[in-house]
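Student: Submitted below is the structure of interest, expressed as structure tokens.
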Amino acid sequence: MLDDADRRILRQYQATPEAPMSDLAERCGLTATTLSRRLDRLRASGVLRGVRGVIDWQVLGYAVEVSLRVTLDKSVPRAFDEFLARAREVPEVIEIQTFLGQVDVRLSVIARDLAHYQELYREKLLALPHMTDLEALMHIARLKGDETLPV
């Protein structure tokens, strides 16, 4: 499992993944060679899955975010698969989650404005197959969005 050095590496790496290897090694109290070896091991074991660029969609002009809670027709054998395949084709659907319980799927949808959302809703979202219930929740504010893990 993880030792103290691995936890230091993960804390520092989460905080500034773009930092030069020498700076990261210094903050972790390791040599650059040791840090590199440990990062390789963390990647190989699947703890580190990669580094990604996070784009702020609001800066690009998307001002509306809506969560759609969807209940599917469970009497249709491939309802989940067909619904998910079609939902993935909608570019404005930025996240899909599945659940056990009354709600089967949650879609996170972004739109430029309310008129754009209404167009998406009518033309693309209502056309998704096998829905028996659809509830829209308009996002007002994101109070916590930190993906940093407490290691």
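The values are calculated or read from the model by the stated rules, or taken from the named source; none is laboratory data. Given the structure is predicted, the values throughout are model-derived calculations rather than measurements. No Cβ is skipped: glycine too gets one built from the backbone with ideal geometry, and neighbour counts run over all protein chains shown.
Student: Quick one: in the stretch 97-129, of everything that is assigned to a strand (DSSP E or B) and of a type in the set (A, V, I, L, M, F, W, C), which residue is farthest from D73 (Cα to Cα)? Show your work before the answer.
Tutor: Taking the stretch 97-129 and keeping what is assigned to a strand (DSSP E or B), we get 97-98, 105-111.
Those left that are additionally of a type in the set (A, V, I, L, M, F, W, C): 105, 107, 109-111.
On the way: V105: 12, L107: 17, V109: 21, I110: 25, A111: 27 Å.
Among those residues, the one meeting the criterion is A111.
Student: Sort out which residues of the stretch 8-66 are small (G, A, S) and either surrounded by 18 or more Cβ atoms within 10 Å (Cβ to Cβ) or not in a loop (DSSP other than H, G, I, E, B) (or both), and write them in order of number.
Tutor: Start the filter on the stretch 8-66 by keeping residues that are small (G, A, S), which leaves 15, 19, 22, 25, 29, 32, 36, 44-46, 50, 53, 61, 63.
Matches in the stretch 8-66: A15, S22, A25, A32, S36, A44.
Student: I'd like to check something: does the stretch 135-145 contain any residue that is touching a residue at least 24 places away in the same chain (Cβ under 8 Å), touching a helix residue (DSSP H, G or I) at 6+ places or on another chain (Cβ under 8 Å) and of a type in the set (A, V, I, L, M)?
Tutor: yes
Student: I'd like to know if the stretch 83-102 contains one or more residues that are surrounded by 14 or more Cβ atoms within 10 Å (Cβ to Cβ), under 19 Å from the mean Cα position of the chain (by Cα) and either hydroxyl-bearing (S, T, Y) or modelled with pLDDT under 95 (or both).
Tutor: So far as the stretch 83-102 goes, no, none of its residues is surrounded by 14 or more Cβ atoms within 10 Å (Cβ to Cβ), under 19 Å from the mean Cα position of the chain (by Cα) and either hydroxyl-bearing (S, T, Y) or modelled with pLDDT under 95 (or both).
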